[in-house]
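Notes to accompany the following structure.
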Amino acid sequence: MSRRSVLRAFGATAAGVTLAGCGVPAAYVEPGDRAGRDTSASDHTLHFANWPLYIDTDDENESKRPTLDAFTKRTGISVTYTEEINDNDEFFGKISPALMNHQETGRDLIVISDWMSARFVRLGWVQEMDRAKQPNVAKYLDPQLRSPAFDKGRMHSVPWQSGITGIAYNRKKLGREIKHLSDLWADDLRGKVTLMSGLDESMALLMQGNGVDVTRWQPDDFYLVCDQVEKLVRKRHIRRFTGNDYIKDLSTGDVLACQAYSGDVIQLQADNPEIEFVVPEEGAELWSESLMIPNLARHKRNAERLIDYYYEPEVAAELATWVNYVCPVPAARDVLASAKDEETAALAEDPLIFPDDAMRKRLAIARDITSEERTGFAKKWNAIVGL
């Protein structure tokens with residue numbers, strides 16, 4: 001069972017229309033109103049909210065988290081770690097009343113997907129970090145992730161883990177290789193293809209199939225994709241739209257090819273080596289789920305220290321060994337390569353954890369959907385998903 005089988009599954013479309021549209025009033029917070037009284041010097045605690053199954057745990061006791069425990073032992077900072085984020089929009093709805101009303105959220109550190117991070121940055125709901133106090137982030141952060149369109153210079157966000165949205169397929173059952181997005185539309189895949197249902201999860205890869213530079217895509221690029229996908233749905237070429245249940249379809253053979261996340265495929269391959277993941281020749285989306293410090297957090301300095309701790313290559317390597325997503329600390333590769341355990345050392349050569357140069361040339365971080373675009377785009381996309 002994939003970590004992401006409980007993530008991003010069903011709320012990223014319909015809920016997003018309500019929350020991003022008229023359901024949330026304008027609530028921008030000016031820079032001078034974002035910082036709270038930081039009690040880190042006297043209060044050695046920290047509240048860290050994350051997704052389920054997104055941190056290393058002890059094999060014999062899942063309540064123990066070795067990297068967090070080591071941080072506490074080193075710094076004396078006690079971390080209250082909660083796995084309360086199951087969906088970006090659901091979590092947005094949970095903490096947005098406090099943030100828009102200039103109140104504390106009770107959390108010092110959160111992890112949300114970059115398309116949602118963009119919304120927080122636009123609204124001024126997260127604090128700028130002090131990079132002078134985060135030397136590991138400054139030194140080791142993957143250059144390809146350093147300056148997304150929504151947060152130039154990454155001053156408000158730091159990737160926790162990264163990943164790729166590409167194509168997964170069963171090469172043995174399909175009997176051929178997939179290299180291009182257009183290969184999904186061949187006649188032998190009719191009724192055997194699925195796409196992501198979420199607007200933010202699905203669109204970049206589909207645009208890239210049309211040769212679009214997704215770092216600066218335009219509304220016309222979106223509507224062209226919608227027209228193409230609608231025709232494929234009406235022809236019953238696309239079997240259905242999915243959340244993370246594509247994993248089951250691919251495993252059973254009901255689906256032979258699908259939009260997929262790189263981290264899922266690493267885990268699927270352990271049980272079914274016939275499953276392959278491909279970054280199409282036209283490109284694929286590189287995304288992140290990022291650490292952010294909400295406004296008025298009481299332990300900002302403690303949060304900054306924890307973030308920088310996870311950017312130590314040795315710590316990043318330990319985390320990557322467990323979660324199997326694209327590691328945002330390339331220097332962790334050398335740490336894993338020197339591991340005595342062969343299985344661990346092999347992870348250093350996995351391009352889905354440490355993309356090689358050839359793969360990186362085909363990866364791009366898509367520009368986010370603006371608040372002005374979102375309601376209309378979601379309405380259009382959801383109508384197609386519901387056909």
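Scanning region 312-343 for residues that are acidic (Asp, Glu) and either within 17 Å of the chain's Cα centre (by Cα) or outside any helix (DSSP H, G or I) (or both) yields 312, 341.
The residues in region 61-76 that are closer than 25 Å to residue 41 by Cβ and among the small types (Gly, Ala, Ser) can be counted, and the count is 2. A Cβ distance below 6 Å, combined with a sequence gap of six or more or placement on separate chains, defines the contacts here; from region 68-87, residues that are farther than 17 Å from residue 113 by Cα and in a loop (DSSP other than H, G, I, E, B) reach residues that are modelled with pLDDT of 95 or more and not aliphatic (A, V, I, L, M) in the pairs 76/44; 77/44; 77/302.
Go through region 151-175 and count every residue that is open to solvent by 60 Å² or more (accessible area, probe 1.4 Å) and more than 29 Å from residue 123 (Cβ to Cβ). Working first, answer last.
Step one: list which residues in region 151-175 are open to solvent by 60 Å² or more (accessible area, probe 1.4 Å), which gives 152, 171-173, 175.
Still in the list and also more than 29 Å from residue 123 (Cβ to Cβ): 171-173, 175.
Residues flagged as open to solvent by 60 Å² or more (accessible area, probe 1.4 Å) and more than 29 Å from residue 123 (Cβ to Cβ) within region 151-175 amount to 4.
Can you find a residue in region 151-159 that is over 15 Å from the mean Cα position of the chain (by Cα), on the phi > 0 side of the Ramachandran plot, outside any helix (DSSP H, G or I) and not hydroxyl-bearing (Ser, Thr, Tyr)? There is no residue in region 151-159 that is over 15 Å from the mean Cα position of the chain (by Cα), on the phi > 0 side of the Ramachandran plot, outside any helix (DSSP H, G or I) and not hydroxyl-bearing (Ser, Thr, Tyr).
Checked against (1) modelled with pLDDT of 95 or more; (2) outside any helix (DSSP H, G or I), residue 184 meets all criteria but (2). Among the conditions (1) buried (at least 22 other Cβ atoms within 10 Å of the Cβ); (2) assigned to a helix (DSSP H, G or I), residue 112 misses just one, which is (2).
Residues are listed down the side, and each one gets a yes or a no for (1) polar (S, T, N, Q); (2) closer than 10 Å to residue 168 by Cα; (3) not assigned by the TED database to the domain that holds residue 324:
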residue: 256; (1), (2), (3): no, yes, yes
residue: 261; (1), (2), (3): no, yes, yes
residue: 266; (1), (2), (3): no, no, yes
residue: 269; (1), (2), (3): yes, no, yes
residue: 276; (1), (2), (3): no, yes, yes
residue: 282; (1), (2), (3): no, no, yes
residue: 293; (1), (2), (3): no, no, no
residue: 297; (1), (2), (3): no, no, no
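Condition test on residue 223, is it of a type outside the set (A, V, I, L, M) and either closer than 30 Å to residue 86 by Cβ or modelled with pLDDT under 95 (or both)? Taking the combined requirement at face value, the residue does not satisfy it. Residues in region 33-58 that are without any contact (Cβ under 8 Å) to a residue 24 or more places away in the chain and closer than 18 Å to residue 322 by Cα: 58 alone. Would you pick out the residues in region 132-150 that are open to solvent by 40 Å² or more (accessible area, probe 1.4 Å) and either in a helix (DSSP H, G or I) or modelled with pLDDT of 95 or more (or both)? Result: 132, 133, 135, 138, 139, 140, 143, 144, 146.
For (1) farther than 21 Å from residue 143 by Cβ; (2) surrounded by fewer than 21 Cβ atoms within 10 Å (Cβ to Cβ); (3) modelled with pLDDT of 95 or more; (4) outside the structural domain of residue 109 (by the TED database), each residue gets a yes or a no:
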{"position": "317", "(1), (2), (3), (4)": "no, no, yes, no"}
{"position": "326", "(1), (2), (3), (4)": "no, no, yes, no"}
{"position": "333", "(1), (2), (3), (4)": "no, yes, yes, no"}
{"position": "337", "(1), (2), (3), (4)": "no, yes, yes, no"}
{"position": "362", "(1), (2), (3), (4)": "no, yes, yes, yes"}
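The values are calculated or read from the model by the stated rules, or taken from the named source; none is laboratory data. Since the structure is predicted, the reported quantities are computational estimates derived from the model, not experimental observations. For neighbour counting, all protein chains shown are included, and Cβ atoms are generated from backbone atoms with ideal geometry for every residue, glycine included. When the accessible area is computed, the model is the full protein with side chains, heavy atoms only, and any ligands, DNA or RNA have been set aside. Shrake-Rupley method; radii C 1.70, N 1.55, O 1.52, S 1.80 Å.
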